[in-house]
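*Asks:* Before I ask anything, here is the structure I am working with.
Bear in mind that the values in this text are calculations on the coordinates, not laboratory data. All figures in this text were calculated on a predicted structure; none of them were measured in a lab. Cβ sites come from the backbone with ideal geometry, for glycine too, and all protein chains shown count toward neighbours.
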Amino acid sequence: MKFTDRWLGLALALLAGAVLWSARDFPAVPGQKFGAGFLPTLVGAGLLLCGVALMVRGWRARGAPSLGGLDAPREEHFGSAAVIVGVIVGYTLLADRLGFLIVAPLGLLATFKALRVGWGPALLWAACGTVLVHFAFYKLLRVPLPWGVLRPFY
Amino acid sequence: MDAVAIAFGLVFEPYVLTVILLSAIYGLFVGAIPGLTATMATALLVPVTFFMPPVPAVAAIVTATAMAIFSGDIPSALLRMPGTPASAAYADEAYRLTRNGQPELALGAGLVFSVLGGLFGGVVLIFAAPSLAEIALRFSSFEYFWLVMLGFTCAIFIAGRDPLKGCVSLLIGLLISCVGLDNPAGAPRYTFGNAELTGGISLIPLMIGMFAVSEVLRFAVTVNKPVMAIERPFGNVFSGMWALIRKYPMQLLRGSALGTAVGALPGAGADIAAWMSYAISKRFSKEPQKFGTGHVEGIVESGAANNSALGGAWIPALVFGIPGDSITAIAIGVLYLKGMNPGPTLFVHNPQNIYAVFIVFILAQLLMLPLGWMAIKAAKQVLRIPAGLLMPLILLFCVVGSFAINNTLFGVIVMGLAGVLAFFMERWGFPVAPTILGVVLGKMLEEQFFSSLIKADGNLFVFFERPIAGTLGVLTLLIWAWPLLRHGAGRLSRRGGPA
C-alpha cells in the first residue's frame, strides 16, 4: 500500500511536470496576463505538491504494517478484467468493419467465459443479449449501430 | 400558480407515468443486485433518457435513484452484501436482524424510513430551492467562484477519508476538463491534433466508464459467494412500523435532516450521509451497546438519511449547477443535453419544469411503498440471478450507450479509458467523486475566475468585498486552514499540559 503510494507520488509528479511544461505554450487572453495556460498551470502545480506529499508520506510509512492486510487472503482474477478491457478495445477496432451483429455476440461470449459462466447459458445469452440491445437501440432509439460486412444483407 | 398546474399536467400524462413506473422497477432491480450501484443505474439510464423530452428524462433519473437507494437494503439484510454503497453503513446490522429471525423488521424499517427520509429531502428541496434561487439571481462571478471552490473543498475535506488523495482526484478531474477549445483564450488544449478532442471529453461516456465499466471490472476481479440468510417466506414487513416511528421520531428527524444537509454538500452523497448518521445514531443512543447485534435504531436513522440525501443533492444542482453528489453530476449532464441548463434563471424561465421535478420527487417516494413491498416479496428470486450473467450485458449496454450519445466510437474509447482509470483509482484509495466534480465544474471555475479577475483588475480583495462572496471565501479558506490550526493547537496544548 505505502509502496504503491510512493510510486504513485512519483508518477503524479512526472505527470505534473509534463502538464506544467505544456502549459507554458498556451496563449494568453489578449490584453490580460493570464490565458489558456492558467488552469493547467494551477493543476500542474497542485499535482506536483500532492505527488511530492504522497512520496514523502509513503517514504515515512515504510516498514509500517500494511493496511491492506485485513482482507489480503483474497482470490483475484486479473485475467478476467483484462479480457473485459480487450473486449472494449476489440469493439472499437472491429465494430465498423465487421458490424455490431458480429462483434457484439463475440464480445459477450468472451466476457461470459471470463466471468466463468457455463457454455450453454453463455451462448444463449450472448445471442439474446445482442438481439435485445440491437432491438432497443437500433429499432426503438434509432441509434445507427454499424452493419459492417452485413450491410449487403440489410 | 399556473406553472404548478402545467407541471401537474406535464407529470400526470400516460407517457411520463409509464416512464416513472418502468424506471422504478429498473431502479429497484439494479439497487438490489450487489455490485450494481445507484450511480451506475443513473449512468446506464442516460443513453435512454437522451431520447426523451426533459421532464420524463429527469423523472426517470429521480425515480430510479430513489428506488435503488432503498433496494440496496434488501441484499444487505439477506446476503450481508449491500446492494449499493449507501446501504453499507448498516448492512451488518440488517443482516444480524435477519439472522435473529427478524428479516421483516430489517426490510420493513429500510423501506418505511427510506420513504419518510425521501419525503423529508423532497420537501426541503421544494421549499429551499426556489428561495435559494431568488438569492442566487443576484450572484456575480465572485459568488460563483467561491461556491465552486467551496464545493471542491467539501468534496476533499468532508467527503473523503484521505484529503491528499481526494485532492489528487479533483486535480485529475480538472485536468480532464482542460481538454478542448472551450477556454478563455479559445486555444486547443491537449487535443493532440485530434478533431474529436477539440470538443472536449464528453461527460456521459466518461461517467458511464467511471461508474459502470469500473464496477464490471471490479466484479470480474473479485470472487464473492454470498449465502442467503433465510429461506422461509416473509411475513408482513409493515407490522410494527408505526410503533417504530413513535419510538424513534428524533432519530428519523435527525437522520433526515443530516442526510439532506450532507446530500446538499457537493461531492458527498447518500453513502456518506448513511455512515455519518449511523455513527451519530450510536453516539446519541440510549442503548449504544445494542448496535451491531441486530438493533433497528441505526437502520431507522441511516435508512432515512441516505434517501433524504437524494433530495438534498438536487438543491445545489438545480440552483447553482453544482452537483451535490455523483448522481446529480450525471443529472446535470442530462439537464444540459435537454436545454434545461441548471441555474437560478431556470426557476424564472422554466418554473413548470422545476415544479414537475418536485412533483416527481414526491410521487417517487409514495410509489416506493407498494413497489418496494413487491420488491421485497420478489427479492429471493431476484437475488438468485447470478451477477455473472448480468455483467456482460451491462458492459454491452455501456458500449452501445456511450456510442449513442454522439454516434461515434470515440465515446466508447473514452468510456473504456475512464473505466480503467476509475478501477485503479478506487484500488489505490483515490475517491472517484471529486474527479467527477472537477470535470463537471472545471469550465465553470475557469470562466468565473476569469470574469472575476477582469472585474477585480489586479486587486484580489475584491474577491471578498461582496457579503456573500466574502463569507463563502472565508469559509473555504478556514476549511483549508483547519488541519494546520488543529495541528498548531495540538502542539500548543501539548506544550502547556503535563509531560
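*Asks:* Å³ per residue of the Cα convex hull, for region B:304-365?
*Replies:* Cα-based convex hull of region B:304-365, divided per residue, equals 73 Å³.
*Asks:* Per residue of chain A, what 222 nm ellipticity follows from adding -39500 (n - 2.57) for every DSSP H run with n ≥ 4, rounded to the nearest 500? Present the calculation step by step, with values, prior to reporting the outcome.
*Replies:* Numbers: 5 runs with 97 residues, N = 154.
So the calculated ellipticity at 222 nm is -21500 deg cm²/dmol.
*Asks:* In vacuum, with every alpha carbon of region B:360-408 counted as one equal point scatterer, what does the Debye formula give for log10 I(q)/I(0) at q = 0.32, 0.33 Å⁻¹? Two decimals, please.
*Replies:* Values returned for q = 0.32, 0.33 Å⁻¹ are -1.02, -1.06.
*Asks:* Shifting gears a bit: Rounded to two decimals, what ratio of Rg to Rh does region B:118-243 give with C-alpha atoms and a Kirkwood Rh?
*Replies:* Over the Cα atoms of region B:118-243, Rg/Rh equals 1.12.
*Asks:* What is the P(r) of chain B, as percent of Cα-Cα pairs per 10 Å bin from 0?
*Replies:* In order of increasing distance, the bins hold 4, 19, 30, 27, 14, 5, 1, 0 percent.
*Asks:* Among B:Cys154, B:Pro75, B:Ala3, whose Cα sits farthest toward the positive end of the charge dipole of chain B (+1 at Cβ of Lys/Arg, -1 at Cβ of Asp/Glu, about the Cα centre)?
*Replies:* Of the listed residues, the answer is B:Pro75.
*Asks:* Further question on the same structure: Obtain the nm distance between the two label points defined at B:Leu478 and B:Phe461 by a simple spin-label model: each point lies 7 Å from its Cα along the Cα-to-C-beta direction.
*Replies:* Each label point is offset 7 Å from its Cα along the Cβ direction, giving 2.1 nm.
*Asks:* On a full-extension model of 0.36 nm per residue, what is the gain between B:Lys286 and B:Glu13, subtracting their alpha-carbon distance, rounded to one decimal in nm?
*Replies:* Extra length from B:Lys286 to B:Glu13 when fully extended: 93.4 nm.
*Asks:* How would you order B:11-18, B:105-112, A:92-99 from highest to lowest mean count of nearby Cβ atoms within 10 Å? It would help to have the intermediate numbers written out before the result.
*Replies:* Details: B:11-18: 14.0, B:105-112: 27.1, A:92-99: 16.4.
The peptides rank, most packed first, as B:105-112, A:92-99, B:11-18.
*Asks:* Checking the a/c ratio against 1.5 first, then a/b against b/c, what shape does the Cα gyration tensor give for region B:237-315?
*Replies:* Judged from the Cα gyration tensor, region B:237-315 comes out prolate (a/c at least 1.5, a/b above b/c).
*Asks:* To continue, here is another question. Counting trypsin sites (Lys or Arg not before Pro) as exposed when in a DSSP loop with at most 10 other beta carbons within 10 Å, what is the longest stretch of chain B free of them? Spell out each step's value before the answer.
*Replies:* Values: sites that count: B:Arg138, B:Arg161, B:Lys286, B:Arg384.
In short, B:1-137.
*Asks:* Rounded to a whole number of µm²/s, how large is the Stokes-Einstein D of region B:419-499 at 4 °C and 1.567 mPa s, given Rh as the Kirkwood radius over C-alpha pairs?
*Replies:* The calculation lands on 78 µm²/s.
*Asks:* Within 10 Å of each Cβ of A:87-94, how many other protein chain Cβ atoms are there on average?
*Replies:* That works out to 5 on average.
*Asks:* On to the next question. How many angstrom separate the Cα center of region A:1-55 from the Cα center of region B:334-411?
*Replies:* Taking the Cα centre of region B:334-411 as reference, the centre of region A:1-55 is 36 Å away.
*Asks:* Could you work out the mean count of beta carbons from other protein chains within 10 Å of each residue's beta carbon in A:95-102?
*Replies:* Going residue by residue through A:95-102 and averaging, the value is 1.
*Asks:* Would you mind listing how long the protein assembly as shown runs along its three principal axes, going by Cα atoms, in whole Å with the largest first?
*Replies:* Principal-axis extents of the protein assembly as shown (Cα, largest first): 77, 72, 68 Å.
*Asks:* Can you give the calculated 222 nm mean residue ellipticity of chain B, where each DSSP H run of n ≥ 4 adds -39,500 (n - 2.57) and the sum is split over every residue, rounded to the nearest 500 deg cm²/dmol?
*Replies:* -24000 deg cm²/dmol, from helical runs alone.
*Asks:* Using a 7 Å offset from the Cα along the Cα-to-Cβ direction at both B:Asn406 and B:Phe192, what is the distance between the two label points in nm, to one decimal?
*Replies:* Taking the simple label geometry, B:Asn406 and B:Phe192 are separated by 1.5 nm.
*Asks:* Another question, if that's okay. Along the Cα-to-C-beta direction of B:Ala378, a point sits 7 Å from the Cα; which residues of region B:42-66 have their amide N less than 12 Å from that point?
*Replies:* The answer is none.
*Asks:* A:Ala28 versus B:Leu22, label points 7 Å from Cα toward the beta carbon: distance in nm?
*Replies:* 5.6
*Asks:* Normalised radius of gyration for chain A, please: alpha carbon Rg relative to 2.2 N^0.38 Å, two decimal places. Don't skip to the end; give the middle numbers.
*Replies:* Working: Rg = 24.2 Å, N = 154, 2.2 N^0.38 = 14.9 Å.
Here the answer is 1.62, to two decimals.
*Asks:* Could you tell me what fraction of 2.2 N^0.38 Å the Cα radius of gyration of region B:305-455 comes to, as a two-decimal ratio?
*Replies:* Values: Rg = 19.0 Å, N = 151, 2.2 N^0.38 = 14.8 Å.
So the Cα radius of gyration is 1.28 times the expected 2.2 N^0.38 Å.
*Asks:* Also, I was wondering about something else. Count, for each residue of A:112-119, the Cβ atoms from other chains sitting within 10 Å of its Cβ, then give me the mean as a whole number.
*Replies:* Whole-number average of other-chain Cβ neighbours for A:112-119 is 4.
*Asks:* How much length would be gained if the chain were fully extended between B:Ile245 and B:Arg486, taking 0.36 nm per residue of separation minus their Cα-Cα distance, in nm to one decimal?
*Replies:* Fully extending the segment from B:Ile245 to B:Arg486 adds 82.8 nm.
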